[in-house]
Amino acid sequence: MIVDDETLQIFFSETEELLKLAEESLLSLESSPQSVSDIEQLFRSVHTLKSGAGMVGYNRISDYAHLVESLLERLRSGKLAVTNNLITFLLDSIDFMRFMVDRVSKSEDEVDPEVLDKRKDQVRRYLGVDGISSSEKEPDPVKAATQEPAKEFSFYKIHLKFRRELFYSGQDPLLILLSLSELGEFVQVVPDLSEFPDFENFSMYDLYISWQIIIKTEQSYEDIEDVFMFVIDDNDIWIEDITNQYREGIDIDLAEKKLGQVLVEKGKITEEVLTDALKKQKRLGDILVEDGRIHTEDLEKAVAVQEERRTVYRKTTIRVDVEKIDSLVNLGEEMGIGLAKVKTLFEKYTGPGQMEISEEVENLFKVNQDFQERVQRVRMFSLEGTFHRFQRMARDLALQQNKQIKVISAGLDTELDKEVIEYSTDPLKHLVRNCIDHGIESPKEREAKGKPPTGIIKFEAYQRGGKIFIEICDDGKGIDLKGIHRKALERGWIEPEQALTEEALLDFIFKPGLSTSSKVSEISGRGVGMDVVRTQLNQIGGTIDIHTEKDKGTTFILCLPLISAFMEALHVLVQDTSFLVPLQTVVGTEKFDKRLVKGIGAQERLYRFRGDYIPLADMTKILHIGMPPTNGNTTAVVIVDTGKKVFGMPVDEVLDPQQIIVKTLETNYRSVKGIAGATILGDGSVSLVLDLLGVEEIFFRNSFKGDATHESEEKVEQG
Amino acid sequence: MSAKNFSVKQDEQGIYHFEGELSIHALDHLKDFLDKSLKGGQEIAISLAKVRFIDTAALQLLIAFKKRFEPEVKLKISEVSSEVENILSLCGLKTILV
Amino acid sequence: MEKNILIVEDSPTMRSSVSFCLRNAGYRVAEAIDGKDALKKLQSMNDKSEPLSLIITDINMPQMDGITFISEVKETDFKFVPILVLTTESEESVIKKGRDAGASGWLLKPFQPEQLLWAVKKVIWTK
């Protein structure tokens with residue numbers, strides 16, 4: 001079918017969803033092989049995918065899905081049992097379909113025909129030699145295209161007697177006559193009004209007329225039959241090839257008479273035979289229906305499915321470009337900043353209506369905050385999909401290594417910001433691998449330890465205190481602390497007599513170049529270690545914690561921010577201006593001690609910190625935002641490390657740390673170097689978020705010429 | 001279609017002009033019209049020149065009235081559109097109706 | 001005159017491709033995602049006296065399945081509107097159930113545009 005781009009896009013997004021559903025039901029089937037609802041969902045998904053692919057013209061995908069569907073049909077009818085092998089095979093089939101869909105989405109060919117044939121053969125092997133029943137044959141290509149037209153004319157006599165209620169099926173004999181007339185030339189059309197009742201008994205929505213038609217055509221019997229496709233089963237329709245009679249020459253008068261009469265008169269049948277045939281025909285229709293492979297069982301099943309479908313209420317979702325949501329977030333924040341300004345302006349206002357105004361502004365603040373929160377929730381997704389992927393991965397890995405596992409997930413509905421999910425997926429994947437590769441023992445090993453042969457992997461997510469926690473827990477052998485100790489020694493990280501806490505030992509896991517497993521699985525590969533996991537998590541403001549106990553198992557606990565744009569910041573005041581210092585760059589805060597300051601030259605000052613002298617960066621001088629000069633109220637020094645330089649920031653006051661959303665300033669103010677943006681704090685006041693790299697650049701280029709950094713001084717490029 | 005895209009107008013000569021689609025969805029309308037116009041014992045003439053489509057149900061109703069009132073009261077189909085002409089010859093009801 | 005067709009189908013791909021094909025063939029198409037939605041659409045068509053020539057419906061749908069939908073249609077002013085059922089070879093019993101409920105015909109998924117138009121032609125006057 002030739003379709004438009006929009007339909008294609010719809011197809012891709014629907015297919016993605018269907019493949020996911022199929023995969024989920026397969027995974028779920030593994031733990032409960034009898035689950036009718038899972039089998040149904042699996043079947044439905046593949047079934048819908050097959051039709052969809054066929055509609056948009058991806059026939060290879062459709063063909064393959066069709067075969068898989070046949071296999072699933074056997075599963076559904078109980079002819080095939082759910083085994084691990086079958087599930088593995090079906091998961092693989094799902095992957096193959098996904099592969100094909102991926103390819104076509106990039107405008108590539110679905111798949112190499114040879115590969116497809118091989119894949120199809122695999123499915124057929126599962127189906128067995130007689131796997132494909134007649135009803136499961138490949139759909140016929142469009143008839144007209146393949147049928148050789150018959151050269152000779154044929155004559156058919158067609159008797160059409162419809163049931164009285166035909167109109168209630170939205171059908172009209174006229175349409176059938178029309179279709180028929182297009183196949184050839186009507187030699188005779190004889191309406192039969194013998195059943196037409198008296199006016200009193202006439203019901204205008206019932207059909208009383210029947211017809212007898214003789215048609216001269218080049219088409220085959222089957223083509224004629226096709227015309228009656230929708231009505232042949234529950235109406236009396238006969239098609240008789242009377243070509244021979246016509247060749248012999250036909251008695252024109254006969255055509256004028258009613259069919260029954262004609263047949264009887266010609267001595268072809270007796271009146272009784274006719275009535276009999278009529279009766280038989282009727283029964284035949286019924287038999288056809290019954291024969292149409294409708295078993296009571298199937299019927300009941302179909303009813304059950306429908307019942308189930310009725311109760312399953314699917315959430316309606318729409319796809320929105322993330323950018324659109326982000327722009328809403330930005331607008332909300334801008335409104336907040338604007339409101340904060342309005343609020344400040346009115347603070348000095350004492351005129352009429354002052355109370356009402358400040359109340360109204362306060363109210364708007366709350367509404368805006370609510371609005372922002374809600375918009376941010378739009379970006380939040382549940383972890384369900386991610387967990388399902390892990391479940392699949394864990395299962396595949398365990399299978400490869402001949403390990404037995406059971407996956408338990410909890411807190412699937414915990415929601416996380418889309419970006420946080422994206423960034424934490426890789427680290428999580430690595431941890432799952434770790435559990436299978438290094439945690440779960442082989443069934444034999446486990447039994448020897450007195451554990452059940454099947455290992456348990458648990459994924460759990462929950463929200464606590466504005467953070468999302470994800471735990472990945474196995475009941476395997478635990479982390480080999482002795483092994484880590486040995487390796488650390490080998491690598492010269494520690495001295496032989498050095499006493500180390502468990503925590504310190506575990507920390508080595510995050511050091512590059514430590515691997516305690518001799519085997520390397522296909523997925524985990526070599527080289528990527530826990531060091532990468534920690535780095536990646538830190539990038540989005542997450543942390544990782546490990547608990548392990550020998551032969552009891554290991555738990556990785558990830559702590560992630562709710563929203564990636566959220567940032568922990570130290571809240572400080574300098575000359576009544578509120579600043580936020582991103583916490584990840586803060587080394588610590590020290591009480592300001594005049595005695596530790598060492599002046600070098602007129603402007604620059606150094607501060608003694610952990611045995612070194614670090615430069616002191618004075619915000620009132622660095623930032624050109626019209627702050628009054630320092631008046632000696634400094635009470636503390638915030639020590640920051642940008643990765644390049646370490647320096648101190650004298651501040652007047654250190655307040656509670658804040659979780660903030662950075663809002664770029666550009667749209668509101670001119671871009672200010674050294675300031676990343678502004679944010680509205682809980683009390684409605686605006687605070688400036690420092691861009692420490694920017695601060696560093698201004699500071700070290702313009703003001704500070706001394707070399708007191710932990711690295712050699714770098715030249716800063718101009719421009 | 002459930003909307004009645006069918007209407008009747010009478011001209012100076014008393015001929016009723018049917019217009020639109022004379023289908024099963026318009027049967028109530030058609031029956032009302034026939035009831036009213038034939039009960040008075042008057043002959044009526046109907047033009048189907050502006051009828052684009054007529055279905056079996058509508059044809060049946062016309063036949064039913066014709067059978068009921070003729071030959072005493074005449075129901076005359078005076079003219080037909082080419083579409084109706086085609087339909088009538090397709091189903092062989094022309095001689096019965098016209 | 002333009003003819004209106006209502007397509008009732010929960011699979012977005014199916015809905016979109018059928019609509020596209022019918023629109024290309026010159027029909028006006030309204031879409032509904034399941035039986036319940038379709039009944040709502042019918043109600044509003046009725047309110048606006050919009051004519052409807054054909055309903056094409058899927059069978060397995062959430063909220064209200066096709067068979068129930070067809071039975072419901074038969075209770076409305078649209079009871080004589082032809083109904084084509086979209087089904088597949090694996091749901092043969094559905095064809096009978098559909099017919100018993102009052103469907104006019106059926107079409108096996110997936111299908112080619114010409115097959116769709118062929119089936120449409122069987123149930124509505126397209127001349």
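The values are calculated or read from the model by the stated rules, or taken from the named source; none is laboratory data. Quick caveat, the model's predicted, so the values are computed rather than measured. As a convention, Cβ positions derive from the backbone with ideal geometry for all residues, glycine included, and neighbour counts pool all protein chains shown.
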- prompt: Does the range A:155-205 hold any residues that are more than 27 Å from C:THR76 (Cα to Cα) and among the aliphatic types (A, V, I, L, M), and which are they?
  reply: A:ILE158, A:LEU160, A:LEU177, A:LEU178, A:LEU180, A:LEU183, A:VAL187, A:VAL189, A:VAL190, A:LEU193
field: Tabulated pairs, the range A:313-326, first more than 22 Å from C:ASN60 (Cα to Cα), second modelled with pLDDT of 55 or more and not in a loop (DSSP other than H, G, I, E, B), C-beta under 7 angstrom, 6+ apart or interchain
entry: A:ARG319/A:SER13; A:VAL322/A:LYS418; A:ILE325/A:VAL375; A:ILE325/A:VAL378
message: Name the single residue that is nearest to A:ILE61 (Cα to Cα) among those in the range A:96-120 being in contact with a Phe, Trp or Tyr (Cβ under 9 Å, 6 or more places away or on another chain) and part of a loop (DSSP other than H, G, I, E, B).
response: A:GLU110
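For B:LYS9, state whether it is more than 30 Å from A:ILE213 (Cβ to Cβ) and at pLDDT below 85. Reasoning before the result, please.
Working: more than 30 Å from A:ILE213 (Cβ to Cβ): yes; at pLDDT below 85: no.
For B:LYS9, the condition - more than 30 Å from A:ILE213 (Cβ to Cβ) and at pLDDT below 85 - is not met.
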task: Return the residue satisfying two criteria in turn: it lies in the range A:682-693 and is under 37 Å from the mean Cα position of the chain (by Cα) and not in a strand (DSSP E or B), and of such residues it is modelled with the lowest pLDDT.
output: A:GLY682
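Residues checked against (1) at pLDDT 85 or above; (2) touching a Lys or Arg at 6+ places or on another chain (Cβ under 7 Å); (3) within 30 Å of A:GLU447 (Cβ to Cβ):
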site: A:ILE468; (1), (2), (3): no, no, no
site: A:HIS485; (1), (2), (3): yes, no, yes
site: A:SER518; (1), (2), (3): no, no, yes
site: A:VAL528; (1), (2), (3): no, no, no
site: A:THR535; (1), (2), (3): no, no, no
site: A:GLY553; (1), (2), (3): yes, no, yes
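Here's the yes/no breakdown for (1) surrounded by fewer than 20 Cβ atoms within 10 Å (Cβ to Cβ); (2) hydrophobic (A, V, I, L, M, F, W, C):
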{"position": "B:ILE44", "(1), (2)": "no, yes"}
{"position": "B:LEU48", "(1), (2)": "no, yes"}
{"position": "B:THR56", "(1), (2)": "no, no"}
{"position": "B:LEU59", "(1), (2)": "no, yes"}
{"position": "B:ALA64", "(1), (2)": "no, yes"}
{"position": "B:LYS74", "(1), (2)": "yes, no"}
{"position": "B:GLU79", "(1), (2)": "yes, no"}
{"position": "B:SER82", "(1), (2)": "yes, no"}
task: Filter the range B:67-98 for residues that are under 10 Å from the mean Cα position of the chain (by Cα) and either aromatic (Phe, Trp, Tyr) or within 11 Å of chain A (Cβ to nearest Cβ) (or both) and give the result.
output: B:LEU97
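Could you tell me which residue of the range A:54-77 is farthest from A:GLN9 (Cα to Cα), considering only residues that are among the small types (Gly, Ala, Ser) and more than 7 Å from chain C (Cβ to nearest Cβ)?
Taking the range A:54-77 and keeping what is among the small types (Gly, Ala, Ser), we get A:54, A:57, A:62, A:65, A:70, A:77.
Okay, now just the ones that are also more than 7 Å from chain C (Cβ to nearest Cβ), so A:57, A:65, A:70, A:77.
Values: A:GLY57: 13, A:ALA65: 19, A:SER70: 27, A:SER77: 34 Å.
Among them, the one singled out is A:SER77.
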message: Residues that are of a type outside the set (Gly, Ala, Ser) and touching a Leu at 6+ places or on another chain (Cβ under 9 Å): list the helices (runs of 4 or more DSSP H) wholly contained in the range A:155-247 that include at least 2 such residues.
response: A:173-181, A:221-227
field: Whichever residue in the range A:15-34 is charged (D, E, K, R) and closer than 13 Å to A:MET97 by Cα and, among such residues, is farthest from the other protein chains (Cβ to nearest Cβ)
entry: A:GLU23
- prompt: For the range B:39-64, which residues satisfy the criterion of being of a type in the set (A, V, I, L, M, F, W, C) and within 11 Å of another protein chain (Cβ to nearest Cβ)?
  reply: B:PHE53, B:ILE54, B:ALA57, B:ALA58, B:LEU59, B:LEU61, B:LEU62, B:ILE63, B:ALA64
Test result for A:PHE365, more than 19 Å from A:TYR462 (Cβ to Cβ), touching a strand residue (DSSP E or B) at 6+ places or on another chain (Cβ under 9 Å) and assigned to a helix (DSSP H, G or I): yes
statement: When the range B:14-50 is checked residue by residue, the ones that are within 23 Å of C:PHE80 (Cβ to Cβ) and of a type in the set (Val, Ile, Thr) are B:ILE24, B:ILE46
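Go through the residues of the range A:369-380 one by one and say whether even a single one is at pLDDT 85 or above and not assigned by TED's automatic domain parsing to the domain that holds A:ILE456. Don't jump to the end; show me each part of the working.
Step one: of the range A:369-380, the residues at pLDDT 85 or above are A:371.
Next cut, not assigned by TED's automatic domain parsing to the domain that holds A:ILE456 only: A:371.
Yes, the conditions are met somewhere in the range A:369-380.
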- request: Answer yes or no: is there a residue in the range A:562-580 that is more than 30 Å from A:ASP475 (Cβ to Cβ), among the charged types (D, E, K, R) and out of contact with any helix residue (DSSP H, G or I) (no Cβ under 8 Å at 6 or more places or on another chain).
  value: yes
statement: Apart from one, (1) farther than 29 Å from C:GLU114 by Cβ; (2) touching a helix residue (DSSP H, G or I) at 6+ places or on another chain (Cβ under 8 Å) all hold for A:GLU17; the odd one out is (2)
task: Taking the residues in the range A:168-193 that are at the interface with another protein chain (Cβ under 7 Å from one of its Cβ atoms), in contact (Cβ under 8 Å) with a residue 24 or more places away in the chain and buried (at least 20 other Cβ atoms within 10 Å of the Cβ) as candidates, determine which candidate is farthest from C:ALA119 (Cα to Cα).
output: A:VAL189
